[in-house]
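The structure under discussion appears below in the form of structure tokens.
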Amino acid sequence: MDFAELWPIIGPAIAGALFGVGWWFWVDAVVCSSVKVSFVDYLPGIFASLAALMFNCVRKEDIDYSPYEEGEWRLKLWLFLAYVVSFVSLAASVGLLIRDALEKSGPSAWTGTAGVLQCVFVLISGLIYWTSHSD
């Protein structure tokens, strides 16, 4: 078996493991935090998961990459919005990390670091699943 035949088999497992690791980082940070973590700190991970779900709703076979044909502009717009949501969630998690590092009364810097790791792992898992799943 070569890698192309093996990827649809092991890709979803790797994606699921990375998704679980990302959320595990966040749960660990919330449980170990000495102060109450506000709901705003949860939002980047929730939106990263939503973005991963959004771009996994599009099949690769349905996308027309031809620059000269109209193609399915709705699919391309949906993918664009999914990537915008994913990058905004990543930027928000970095912003919360900076806030946590600068404020002494808020959550620790580990909470912010875990939020960034959560977004990174969730988005990478979504991309791995998108490249490996087939209908």
### Message
Exactly one of these conditions fails for Trp78: (1) open to solvent by 80 Å² or more (accessible area, probe 1.4 Å); (2) at pLDDT 95 or above. Give me its number.
### Response
(2)
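Answer yes or no as to whether Ile14 is more than 30 Å from Glu103 (Cα to Cα), open to solvent by 50 Å² or more (accessible area, probe 1.4 Å), assigned to a helix (DSSP H, G or I) and among the β-branched types (Val, Ile, Thr). I'd like the intermediate steps shown before the answer.
Values: more than 30 Å from Glu103 (Cα to Cα): yes; open to solvent by 50 Å² or more (accessible area, probe 1.4 Å): yes; assigned to a helix (DSSP H, G or I): yes; among the β-branched types (Val, Ile, Thr): yes.
Yes, satisfied.
Yes/no per residue for (1) under 11 Å from the mean Cα position of the chain (by Cα); (2) under 18 Å from Trp24 (Cα atoms):
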{"site": "Tyr42", "(1), (2)": "no, yes"}
{"site": "Gly45", "(1), (2)": "yes, yes"}
{"site": "Glu72", "(1), (2)": "no, no"}
{"site": "Phe80", "(1), (2)": "no, no"}
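Condition check ((1) aromatic (Phe, Trp, Tyr); (2) without any contact (Cβ under 8 Å) to a residue 40 or more places away in the chain; (3) under 15 Å from Leu127 (Cα atoms); (4) open to solvent by 30 Å² or more (accessible area, probe 1.4 Å)) across all residues:
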residue	(1), (2), (3), (4)
Leu50	no, yes, yes, yes
Met54	no, yes, yes, no
Glu61	no, no, no, yes
Tyr65	yes, yes, no, yes
### Task
For Tyr83, indicate whether it is among the hydroxyl-bearing types (Ser, Thr, Tyr), surrounded by fewer than 16 Cβ atoms within 10 Å (Cβ to Cβ) and under 28 Å from Val37 (Cα atoms).
yes
### Message
Here's a check for you: in segment 107-123, which residue that is within 11 Å of Phe19 (Cα to Cα) and of a type in the set (Val, Ile, Thr) is farthest from the chain's Cα centre (by Cα)?
### Response
Val120
### Summary
With the first residue restricted to segment 19-40 and required to be of a type in the set (Val, Ile, Thr), and the second required to be surrounded by 13 or more Cβ atoms within 10 Å (Cβ to Cβ) and part of a helix (DSSP H, G or I), Cβ contacts under 7 Å at 6 or more apart or on different chains are Val21/Phe121; Val37/Val30; Val37/Thr111
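The values are calculated or read from the model by the stated rules, or taken from the named source; none is laboratory data. These numbers were taken from a predicted model, which means no experiment stands behind them. Glycine also receives a Cβ, built like all others from the backbone with ideal geometry; neighbour counts cover every protein chain displayed. Heavy atoms of the whole protein, side chains included, go into the accessibility calculation; ligands, DNA and RNA do not. Shrake-Rupley method; radii C 1.70, N 1.55, O 1.52, S 1.80 Å.
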